[in-house]
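Bear in mind that the values in this text are calculations on the coordinates, not laboratory data. For clarity, every value in this text was computed on a predicted model and none was experimentally measured. Methodologically, a virtual Cβ is constructed for each residue, glycine included, from the backbone with ideal geometry; neighbour enumeration extends over all protein chains shown.
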Amino acid sequence: MHKPILSLLALAALSASAAPASPRHGDKWIVGMSQCNLGEPWRVQMNADIRKAAEAHPEIELVFKDAQNDTLRQRSQIEEFINAGVDLLIVSPKEAAPLTPPVAAAFSHGIPVIVLDRKVLGNDFTQFIGADNRRIGRAAGDWAVRRLLALPRVKDGGRARMVELTGLMTSTPGQDRLAGFHAALQGQPVDIVFSADTQWLEPQARAEMESALAVNPQIDLVYAHNDPAAHGAYLAAKSASREKDIIFIGIDGLPQEGQVYVRQGLLEASFEYPTGGREAVESALKILNGDAVPRQVTLNSRFFTRDTVASGGKWLP
Amino acid sequence: MRPPVARRWLATPSFRALLALAFVVVLGCVFNADGAFFHWSTHRDMLRQVSVYGILACGMTLVIISGGIDLSVGSVVGLCAVLFARQTLHQGESAAVALGLVIAAGTAIGLASGTLVARFRVQPFVATLAMMVFARGLAKWISGGQKISQAIQQPDGSFAYEDLPAIFQRIDRRILWGNLSVVTLVFLGCVLVSWVVLAKLRYGRYLYATGGNEEAARLSGVPIARTKLLAYGLSGLFGAVAGICQAAQEQQGDPEAGSTYELTAIAIAVIGGNNLMGGRGGIGLTLLGALTIGYLEKILSINAVGESSRLMLTGAIIVAAVLLQRRGNA
Amino acid sequence: MPARLLALRQIGKLFGSNRVLEGVSLDLNEGEVHILAGENGAGKSTLIKILAGIHTEYEGAIELRGRPVRFAGPRDANRAGISVIHQELSLIDAMSLVDNIHLGRESALHGGLWLDRKGQAGRALELCRQLDLDFTAADLARPVEQFPLSTKNLIEIAKALAFDARILVMDEPTSALSRAEVERLFALVDALKRRGCGILYITHKMDEIYQLADRITVLRDGRWVGTAPAAECPESRLIQWMIGRDLAPQSGPRPDAAGGGTAGRVLEVRGLRVPHPLPGRPPAISDFSIAVNAGEIVGIAGLQGSGGAELFQGLFGAYGAVCGGSVRMDGSPFRPESPARSIRRGLSYLTADRKASGLVPAMSVEHNVTLASLSRVSPGGVLRPGRERAGAARQVEALGIRLASLEQAVGTLSGGNQQKVVLAKWLETLPKVLLLEEPTRGVDIGSKSEIHSLMRQWTSAGMAILLISSELPELLLLSDRILALHRGAVTAEFARGEATPERILAAAMGSAARASEGCA
């Protein structure tokens, strides 16, 4: 159904900003979505959000590709999208540097590109949509400090003791969630008495929390870089019958994970890391209809506590 | 001069495995994390943590003794965790039916690997590698790529919440006044079953003979194909049991559960002193290997050793343990 | 007085607390064949491994041309001009003949980076010519696994020569060779002698010893017993040295087995056809018929490639249900299908290669002995250690297997005892018909005669034996009848008394003169 060479020549003539005003594939816009991996629920959720947002727009046809956490595979999948002549490309890249050239190639072929969640280098894309992990980490930190300062023991001049269960510390989200949180702890009477890398994995978090409990008779709060890790920590505390003495907070706030844990009262708070799926589809429609869009969109996040989870959470201040 | 009996005992693989374990335990006594290592709860938690790996290692031991290897067990954990969660949480099946179904599924995956190996003479590495990929795909397909948990997505996109069935709590709890996890008991049960198979049944002897010299065994009337088939089948069955334990402990079925667990299971078998070439070894060695790995992880964890050092130390200690074994076999 | 190439002085060796060699001295002159003899377990292999640089921890000293040396490893020994041709071949199956010959001593061009393929091939061709091996250049490039075992043995020798070895150690080099190949090897040994090489030669075969030996040294239980020029060491003395006692006189031909008739007929084969194990070849056995009575030993004589091994494998069901023709056991039809089935029907098969297909080396003696009869000792699939132990102990006793304990790994036993363990395994299946392929290969003289008298004992108890042996004297000594097999078909049958080595050999070589008498 495509004539790649012809389309490429035709597309090359178009300027990057001047997006097509009418669908080139019959009456439908073809939108390619290159996902770096579907091993994490959060990314599955991103795809689900995109699919759901697009349901309301029958003029969009989505094509999903999963790079299975392989940079080179994602690169070739983007090139396949270029060759197929999609009308718009949404990319959630695995890594910035190696995926910059194919994204730029798509862009220079006149395909508008929306980059989701993780950035690429340079300026050869139409829009970046992402949330700010550092800001979310900071918000979690501020929330934790407020909550800890309210403890009677801390009020009386004691210091709060907490455990941090990090994500994979070689990943940017892990580093940012740590940095933001630690910034909030500056000058506060809070000690991190145990810290371990859970690599985002629940069983690992549970085992690490067991160790934390074995070494520390007093733990006031557990901050986990994702909700599954917070859940694992909770299960560990529960089997030591110490879950009542500890506050658990996590990040991601997915409806089937973090929000459930908050609802069940396992976590006191979960901070949403929005997927941007809905926003990406909205932007895509604007671009395809020829409207201008900002180059960068930073997503606002919500956070869920027991009181607010039923009503859809509260936006971060 | 030592009496010869003691001398012979010192040269046995069991003693070497015990030595490796003792070495790690001594490490724990030295780096005891302010006495945390001396509390029973630390040991109890270690035993819980190592149980899923250990269950897989039981099946792995049977396969390794038969001269093969089973790379698919990690994926079987994922598949069976998902299946168990789906049947109990989403389909609302009774625990007994779900358990039966999941164990049948895991066994079927194992038998499929076994058929490839025994009947079609595919190399075990290749056959179970294929099965590892296939079973992982199956797990993702069944689960739709999502964790199967108490939150159930409705057609309109909202979520309904199921209560956790009692079977989850029953598996993920402790007995003996909180001193032993049920999953540890399951692990020990698997060790016992494997021991009976290897030491008490004719079939166990067939496993050793097949792994030790397949041609000699065949000419002695040992049913080679059936022996191998059953080894992989049992490995799949143990994989299913591990998957159920995993799901119960996570309170959900994660299609990614058990990734790389096959490597840990192999490491346990090898550190215990089972010979990867087949024909030698025993389940006692695997038990010692599981304890060695379990203590190693626990000690690194209670001392909050950083991830990078942890990986390097684990690698170094595995090599040390295996070198120790080598001298034992010489 | 010829120059002394090598002297071993007071060599001793301990494995753990187990002494295997003590105070062994031996020397080797230029242009000499020095036979090293002794029963299995006497310490010959250990001595050679020390000489080859494989064992580096030992007592005593080695002198090469009067200069003391101590090898750090096999490479060291090679460089010093010592080459060992082991019983277990050291060729790499997947590599070409040329590469194997030059392995470890590749000749290189351009500063050592590039293999000198052309030069190597030329050299290999030259070596093969010296050995009278008519290989083409194309053959030299083929992987050695494509050659029969006998040729591999000669390739091994070519490899040793490629190393310019002055001292050659040959460890039972003829055990897998045909008569003609043995002759070729002996001619080669003569040529090597004339070139001034010293050859240390280990063998169990009496005729070889007296054909080759200049001097003979005997070891027993790790100790030196004696050294003598061959001319001064008659057979009786040699045997006495080896076993430390006089052998029971080689018993004469046994009395005839219970005569003809069909009453005691245990095995009847008609028109058996066994396809070749490799596809696309003519059948290994085309038309084989035989009737065997209880208590009979039927010898089958055949040279390499005559199809004897395939006959046994096919009859035993080792190839599956592929054979044509009809077989009856104990009067009722029997279809060879699988080893398990044959064993149940009372047919057992001892293969020629106990390492590859007889023993499970990592398992204990006890478990090896009971392996083929497990269904009997484990009713319901559950092992009965008591029964197993009793059965194994009974066999160990009956066959006179010398061991430290039943739990001992079978791989640690000497060759003769290992062979007896395999025999014990088959006896435990209570066979009516025993197929024995080379039952005394790689077995010391003492064990050999023990195995012979055991075979007589079993047949007098009613068992029937089909025997393949490449040693004609053994066949003649034991068999009631001898069939000669040539290219998968019987060319002659000899009754006891009619059989002479010459006639058998002629028939086995396919001589047109079919022996008219005694043909079934």
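The label point for C:A489 and the one for C:A321, both projected 7 Å from the Cα toward the Cβ, are 2.9 nm apart. Counting Cβ atoms of other protein chains within 10 Å of each residue's Cβ and taking the mean over peptide B:217-230 gives 5. Protection proxy ranking, highest mean first, for peptides B:47-55, C:319-327: B:47-55, C:319-327, where packing is the per-residue count of other beta-carbon atoms within 10 Å, averaged. Between their Cα atoms, which of B:K228/C:K432; C:K13/C:K159; C:K205/C:K420; C:K49/C:K152; B:K200/C:K425 are more than 26 Å away from each other? Those over the limit are B:K228/C:K432; C:K13/C:K159. About its Cα centre, the range A:133-273 has a charge dipole of approximately 420 debye under the convention of +1 per Lys or Arg Cβ and -1 per Asp or Glu Cβ, with nothing else charged. Among B:I299, A:I192, A:I247, the ranking by other beta carbons within 10 Å of each residue's beta carbon, starting with the fewest, stands as A:I192, A:I247, B:I299. Scoring A:132-138, C:368-374, C:24-30 by mean Cβ neighbours within 10 Å over their residues and listing the highest first yields C:368-374, A:132-138, C:24-30. Using the charge dipole of chain C (Lys, Arg: +1 at Cβ; Asp, Glu: -1 at Cβ; taken about the Cα centre), state which of C:G386, C:T217, C:S342 has its Cα farthest towards the positive end. Farthest towards the positive pole: C:G386. Once R0 is set to 25 Å, what does the formula 1/(1 + (r/R0)^6) return for the Cβ-Cβ distance between A:Q68 and B:E162, expressed as a FRET efficiency to the nearest 0.05? Calculated value: 0.25.
Each label was represented as a point 7 Å from its Cα along the Cα-to-Cβ direction; for A:N37 and A:R135 these points are 2.7 nm apart. Inter-chain Cβ neighbour count for A:258-269, averaged per residue, equals 2 (cutoff 10 Å, partner chain atoms only). For the pair B:L276 and B:W177, what calculated FRET efficiency results from E = 1/(1 + (r/R0)^6), where r is the Cβ-Cβ distance and R0 = 35 Å, to the nearest 0.05? FRET efficiency, B:W177 to B:L276: 0.30. Between the range B:224-258 and the range C:1-76, the C-alpha centres lie 56 angstrom from each other. Close amide-amide hydrogen proximity is noted between C:A37 and C:T217, C:V218, C:L219, each under 5 Å apart and 5 or more residues distant or on a separate chain (H modeled in the peptide plane; Pro and chain starts excluded). Projected label points at B:V305 and A:D124, each 7 Å from Cα along the beta carbon direction, are separated by 4.6 nanometres.
Computed over the alpha carbons of the range C:4-243, Rg followed by Dmax gives 18.2, 59 Å. Let me know the shape class of the range B:40-329, please: from the alpha-carbon gyration tensor, a ≥ b ≥ c as square roots of the eigenvalues, rounded when a/c is under 1.5, otherwise prolate if a/b is greater than b/c, or oblate. Taking the square roots of the gyration eigenvalues as a ≥ b ≥ c, the range B:40-329 is oblate.
Dipole magnitude for the protein assembly as shown: about 1720 debye, using +1 per Lys or Arg Cβ and -1 per Asp or Glu Cβ, origin at the Cα centre. 3J(HN,Hα) along the range C:265-272: 6, 9, 9, 9, 10, 10, x, 5 Hz, from the Karplus curve 6.51 cos²θ - 1.76 cosθ + 1.60 with θ = phi - 60°, whole Hz, x for Gly and Pro. Please label the shape of the range A:133-273 as rounded, prolate or oblate, based on the square roots a ≥ b ≥ c of the eigenvalues of the alpha-carbon gyration tensor (a/c under 1.5 means rounded; beyond that, a/b larger than b/c means prolate, else oblate). Note, shape of the range A:133-273 comes out rounded. For the listed peptides A:145-158, A:93-106, a ranking on the average number of other beta carbons within 10 Å per residue, highest first, reads A:93-106, A:145-158.
Taking R0 as 60 Å, what FRET efficiency do you get between A:T172 and C:E232 from their Cβ-Cβ distance, rounded to the nearest 0.05? With a Förster radius of 60 Å, E is 0.10.
Close amide H contacts of C:A301 (hydrogens built in the peptide plane, cut-off under 5 Å, sequence separation of 5 or more or a different chain): C:L483, C:A484, C:L485. Annotation: for a label point projected 7 angstrom from Cα along Cα→Cβ of A:E79, residues of the range A:98-136 with backbone N closer than 20 Å are A:98-113, A:120-121, A:124-125.
Going down the table (A:K119/A:K244; A:K314/B:K147; A:K52/A:K119), which pairs top 31 Å between alpha carbons? Violating the 31 Å Cα-Cα cut-off are A:K119/A:K244. The string of couplings for the range C:414-427 from the Karplus curve (6.51, -1.76, 1.60, θ = phi - 60°) is 6, x, x, 5, 4, 4, 5, 5, 5, 4, 4, 4, 6, 5 Hz, one whole number per residue in order, with x for Gly and Pro. Let a ≥ b ≥ c be the square roots of the eigenvalues of the Cα gyration tensor of the range B:60-215; is it rounded (a/c under 1.5), or, if not, prolate (a/b larger than b/c) or oblate? It comes out oblate by the Cα gyration axes.
Taking amide H as placed 1.01 Å from N in the peptide plane, the amide H of A:F128 sits under 5 Å from that of A:V115, A:Q296, A:V297, each at least 5 places away or on another chain. Counting Cβ atoms of other protein chains within 10 Å of each residue's Cβ and taking the mean over peptide C:354-363 gives 6.
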